[in-house]
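One structure is given here, and the rest of the page talks about it.
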Amino acid sequence: MAVVDELLLLKTKALNDIAQAGDSAALEQVRIGVLGKSGTLTGYLRSMGQVPQEQRAQVGKTTNEVRVAVEAALEARKAELAAVELAAQIDASALDITLPGRAQQMGTRHLISRITDEIAEIFLGIGYSVAQGPEVETDYYNFEALNSPPDHPSRGLADTFYVRDLSGEAAAVTGESDVLLRTQTSGVQVRVMEQQKPPIYIIAPGKVYRRDVADPSHLPQFTQIEGLVVDKGITFGDLKGTLDYFCKQMFGQDRKTRVRAHYFPFTEPSAEVDVSCGICKGEGCRFCKGTGWLEIMGCGMVDPNVFGYVGIDAEEYSGFAFGMGVERIACLKYNVPDLRMLLEGDMRFLRQF
Ligand code: DAH
């Protein structure tokens, strides 16, 4: 076959291969096969010297025409494939803006935190400030300086979580410890009076721990808010007025309060405060066990013995203290029948507040 015919055949085959190439990679293979270092057309260009003189012009011209045609076809097909590939890429990464969005679940504050803040706000509004003490407390602050004698039942190993240093000799020898998980926030009273001169108007929120099995009205760990006022001329009337104001702010202006004589080691006299039942308005119902009243806190006038521990002159100053359970207040406010519901983490329940 004449060289020129071979070239024309090569051209037909090359153009056909180019048209058949399905993607850029296949097209590149075709280009290398024809125009690459050892490509078919390159071979003809290289061996031009061996073509007889009289055919050279014709072969040279044809070779060149084939090269131009192949190059043009390659360019055109390359652009075509690039467009197809880009379109496919865009399709694959397409964002379907008609899909509904995924709702973000917003967290909320837990009811106990919210009620704690609500109570704090009421007292901050009448000039109190917030004090804090450690949850791991010593026997001295939790009991002794609060006028609780060593034989007081709440100090029993069975009623309190004692913290022991297991590596320490002392704890192992005596079997007892002076360090415990506080059973009440009342110890903060002592810490504040040690550090601060009267006038003192503080509340102290925080966690407390009891060796109680959880039931509808007991939790082994709960939140208390302690209150302490020490100033000149503070009377039981101030205590009643303050707590009545607090209850009305917290539960509503229509709620009544009453104080009942009670006993606490660190106050004298001591009392428990009841608020009228919000469900039956004091008539008596199941929620208030037929009494019309709900107990919400303990309180009393600071015992002079407690002042003695912290070096405050009981002749010059007097004061009152109170302590309430936040979980209990939350349940009373929202008529929740079981304290444990607050701790279960059931979002269907918690989201209501
Ligand atoms: N700490 C007491 C308790 O846990 C509550 C209490 C009663 C606190 C009387 C007081 C108070 O400050 O004066 O049961």
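Read the figures in this text as sums done on the coordinates, not as results from a lab. Predicted, not measured: the structure shown is a model, and the values here were computed from it. Methodologically, a virtual Cβ is constructed for each residue, glycine included, from the backbone with ideal geometry; neighbour enumeration extends over all protein chains shown.
Report, in whole Å, the centroid distance computed from the Cα atoms of segment 308-353 and segment 240-258.
Value for the Cα centre distance between the two parts: 15 Å.
Select from the chain the helices, each a whole stretch of DSSP H, whose alpha-carbon atoms run 18 Å or more along the helix axis and whose Kyte-Doolittle mean is at least 0.0; answer none if there are none. Please report the intermediate quantities before stating the final value.
Details: long enough: 3-20 (25 Å, 0.53); 53-92 (58 Å, -0.21); 111-124 (19 Å, 0.98); 236-251 (22 Å, -0.04).
Span-like helices, by this rule, are 3-20, 111-124.
I need THR116, THR40 ordered by Cβ neighbour count within 10 Å, fewest first. Don't jump to the answer; show the numbers that get you there.
Numbers: THR116 22, THR40 17.
The order, fewest Cβ neighbours first, is THR40, THR116.
In terms of Cα to Cα distance under 27 Å, which lysines are near enough to LYS256, apart from those fewer than 8 places away along the same chain?
Within the straight-line limit of under 27 Å, LYS256 reaches these lysines: LYS240, LYS248, LYS281, LYS289, LYS333.
Arrange the following residues from fewest to most other Cβ atoms within 10 Å of their Cβ: ARG328, ARG182, ARG56. Could you put the intermediate results ahead of the total?
Working: ARG328 22, ARG182 25, ARG56 14.
With the sparsest Cβ surroundings first, the list reads ARG56, ARG328, ARG182.
Roughly speaking, what is the stretch gain from LEU45 to ASP96, that is 0.36 nm per residue apart minus the C-alpha to C-alpha distance, in nm to one decimal?
Working: separation 51, 0.36 × 51 = 18.36 nm, distance 5.33 nm.
Extending this stretch completely gives an extra 13.0 nm.
For the chain, what does the alpha-carbon gyration tensor say about shape, rounded, prolate or oblate, given a ≥ b ≥ c as the root eigenvalues, a/c under 1.5 as rounded, and a/b over b/c as prolate? Present the calculation step by step, with values, prior to reporting the outcome.
Details: a/c = 5.04, a/b = 3.59, b/c = 1.40.
Prolate.
For the chain, what is the mean residue ellipticity at 222 nm derived from helices alone (per DSSP H run of n ≥ 4: -39500 (n - 2.57); sum divided by total residues; nearest 500 deg cm²/dmol)?
Numbers: 12 runs with 146 residues, N = 353.
Computed ellipticity for the chain at 222 nm equals -13000 deg cm²/dmol.
If I build a Gaussian network model for the chain, linking alpha-carbon pairs within less than 10 angstrom, which residue out of LEU74, LEU219, LEU111 has the largest mean-square fluctuation?
LEU74
Can you find, among GLN105, GLY36, ALA88, the residue farthest towards the positive end of the dipole of segment 1-120? Put +1 on the C-beta of Lys and Arg, -1 on that of Asp and Glu.
Going by the Cα projections, it comes out as GLY36.
Run the numbers on the chain and let me know its relative contact order in percent, using alpha-carbon pairs under 8 Å that are six or more apart.
Details: 513 pairs, mean separation 48.6, N = 353.
Rounded, it is 14 percent for the chain.
Sort MET301, MET48, MET106 so the one with the fewest other Cβ atoms within 10 Å of its own Cβ comes first.
On the way: MET301 20, MET48 12, MET106 5.
Arranged by neighbour count, lowest to highest, MET301, MET48, MET106 become MET106, MET48, MET301.
Cα gyration tensor of segment 227-353, axes a ≥ b ≥ c as square roots of the eigenvalues: rounded (a/c below 1.5), prolate (a/b > b/c) or oblate? If you can, show how the numbers build up before the last one.
On the way: a/c = 2.56, a/b = 1.88, b/c = 1.36.
It comes out prolate by the Cα gyration axes.
Once you order the gyration tensor axes a ≥ b ≥ c over the Cα atoms, which shape class does segment 3-92 get: rounded for a/c under 1.5, otherwise prolate or oblate by comparing a/b with b/c? Intermediate results must be reported in sequence, preceding the final value.
On the way: a/c = 3.54, a/b = 2.93, b/c = 1.21.
Here segment 3-92 falls in the prolate category.
Which lysines, if any, have their Cα less than 30 Å from the Cα of LYS11, not counting same-chain residues under 8 positions apart?
LYS37, LYS61, LYS78
For segment 20-56 and segment 71-109, write down the distance between their C-alpha centroids in whole Å.
Measuring centre to centre over Cα atoms gives 37 Å.
Would you mind calculating the relative contact order of segment 195-353 from Cα pairs under 8 angstrom and at least 6 residues apart, reporting the percent as a whole number? Show your work: numbers first, answer last.
Values: 281 pairs, mean separation 38.7, N = 159.
Taking the mean separation of contacting Cα pairs over the length of segment 195-353, I get 24 percent.
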